[in-house]
Amino acid sequence: SSVSGDAIRRRFLNFYASRGHKILPSSSLVPDDPTVLLTIAGMLQFKPIFLGKEPRRVPCATTAQRCIRTNDIENVGRTTRHHTFFEMLGNFSFGDYFKKEAIVWAWELSTKEYGLPPERLWISVFEDDDEAFLLWHNEVGVPKERIKRMGEDDNFWTSGITGPCGPCSEIYFDFHSERGYTDVDLGDDSRFIEFYNLVFMQYNKKDDGSLEPLKQKNIDTGMGLERVARILQKVPNNYETDLIFPIIEKATDLARISYPEADSVTKNNLKIIGDHMRAVVYLISDGVIPSNIGRGYVVRRLIRRVVRTGRLLGIKGDDHGNPDGAFLPVLAEKVIELSTNIDPDVKSRKTAILEELKREELRFVQTLERGEKLLNQFLSDALLKSGGNNGNKPCLSGKDVFLLYDTYGFPVEITAEVAEEQGVTIDMEGFDIEMENQRRQSQAAHSVVKLSIGNDVEIARSIPDTEFLGYDSLSASATVKG
Ligand code: ATP
Ligand code: MG
Ligand code: MG
Ligand code: MG
């Protein structure tokens, strides 16, 4: 009945193709760019063109780019709109059209092609971008009350610490237009969802933070496919769209529970599984192998979080009644089933992906069982020590957290999560000191990743590249360059 995620993607690409854009394939999640760890946006594959380092092959293009944003990992399930893995639909102009066409087409796509009611759409523009404000008002006819001027944080887009950037303008959907026009905050996610960002890419941000005008004015846009699907399919969050929900249903089968009857904690856990399973399948498919460094650590951390979350839901073993079997491959099969129009290459890599997941899951379950005992011991010690009423907040020492990490393979984020569930904090500073000590002692000093939940750019700077060796060596650990 309602429009499928696949149809939304296809209609976006066709809309821009019929306006002169070349449809290009998504690039890998592993970018050809040392300043970012993983592909965070559709523009990355075009960065050299935007910067004038490579000639454009076409004046404008459109893509459905698979993306990973590790900075949103904590948002998964907590907000209705964030994923670690998602698809970004984009239209790009390489010195061809600029603001006016980008704005007019974005509106036409949203209201005509997708049929969104115009009165439910709100616009943000960069605070001093009068040109964009007037285009929305005069060319498109959006009433001034629904165009908000916003500051740099929201409306000046940069792909990283350096690189092409510019003011942007976003389209928001209003789920509660009955709330009217007073005290409106577009950041209020109980009322609005940002779904389309138009970046007027006209500067290169240099190392010293200064903005150098680019030779050409470019357009870079991103529309979150899962967000549009959620609006058009009229479901309460991105996870319940046809792009993700089948994976969640598979997890409920394994856990023998029902989604509609689940409480909110259980639903959140199911959303984490639905989200992270997509991320790990596409990362492994793009050649990222679980390890303790860089991208490999991102996959490892996501896999381990799924394993632990699945166990919290009572999933044990595969769906053939084998309690020692792995369940990630079962969920991965569902992800792969849904992959045809996201990345047509995933299916051909199925065997290798499932094997890698099984190996990593079983490896982790072993350590998990030993580590959980120790962690629970540490937690009850910490709770005992704080004594409840002497004002000391219960806290795990950096040494303990490090022991769990180093000896038992407990990602520090998982330790933090389990601890938080019992009202215990962890001494991150102490942990960092232990890590630093180990790093200094270790010969391979460069192979340790900064574990804090920073953004990709920050992580990318502190770690070496992982090199993909091909599927024959999927079982071999990734090698480290330099
Ligand atoms: P938000 O403010 O909701 O975190 P953003 O401003 O960080 O989004 P952009 O960098 O503007 O997002 O990316 C362009 C589009 O990609 C967004 O408008 C949204 O539709 C989509 N998008 C961004 N981050 C995510 C995510 N973590 N999960 C799903 N879709 C996303
Ligand atoms: Mg964001
Ligand atoms: Mg935003
Ligand atoms: Mg945005």
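The values are calculated or read from the model by the stated rules, or taken from the named source; none is laboratory data. Source: prediction; values computed, not measured. Note that each Cβ is placed from the backbone with ideal geometry, even for glycine, and that neighbours are counted across all protein chains shown.
Would you say THR39 is hydroxyl-bearing (Ser, Thr, Tyr), modelled with pLDDT under 95 and within 30 Å of GLY294 (Cα to Cα)? It is false that THR39 is hydroxyl-bearing (Ser, Thr, Tyr), modelled with pLDDT under 95 and within 30 Å of GLY294 (Cα to Cα). Annotation note: of LEU121, LEU116, the sole residue that is closer than 23 Å to VAL228 by Cα, within 16 Å of ligand 4 (Cβ to nearest atom) and not charged (D, E, K, R) is LEU121. The strands (runs of 3 or more DSSP E) located wholly in segment 142-195 that include 3 or more residues which are away from ligand 2 (no atom under 14 Å from the Cβ) occupy 147-150, 163-174. Within segment 285-299, residues that are within 16 Å of GLU413 (Cβ to Cβ) and at pLDDT 95 or above have Cβ atoms under 7 Å from residues that are surrounded by 21 or more Cβ atoms within 10 Å (Cβ to Cβ) and of a type in the set (D, E, K, R) in these pairs: PRO290/ARG300; PRO290/GLU360, counting only partners at least 6 apart in sequence or on another chain.
Sort out which residues of segment 52-81 are without any contact (Cβ under 8 Å) to a residue 12 or more places away in the chain and within 12 Å of the chain's Cα centre (by Cα), and write them in order of number. Hit for segment 52-81 is ASN75, nothing else. When ASP427 is tested against (1) at pLDDT below 90; (2) of a type outside the set (A, V, I, L, M); (3) buried (at least 17 other Cβ atoms within 10 Å of the Cβ), just one condition goes unmet, and that condition is (1). Answer yes or no as to whether ASN91 is touching a residue at least 60 places away in the same chain (Cβ under 8 Å), within 13 Å of ligand 1 (Cβ to nearest atom) and over 13 Å from the mean Cα position of the chain (by Cα). When the stated conditions are applied, ASN91 passes them. Here PRO213 clears all of (1) part of a strand (DSSP E or B); (2) within 16 Å of ligand 2 (Cβ to nearest atom) except the condition numbered (2). Exactly one residue out of ASP153, ASP174 is within 16 Å of ligand 1 (Cβ to nearest atom) and modelled with pLDDT under 95: that is ASP153. With respect to the conditions (1) within 16 Å of ligand 1 (Cβ to nearest atom); (2) in contact (Cβ under 8 Å) with a residue 24 or more places away in the chain, ASP6 lacks only one, and its number is (1).
Scanning segment 196-210 for residues that are assigned to a strand (DSSP E or B), in contact (Cβ under 8 Å) with a residue 40 or more places away in the chain and either over 24 Å from GLY115 (Cβ atoms) or out of contact with any Ser or Thr (no Cβ under 8 Å at 6 or more places or on another chain) (or both) gives VAL199, PHE200, MET201, ASN204, LYS205.
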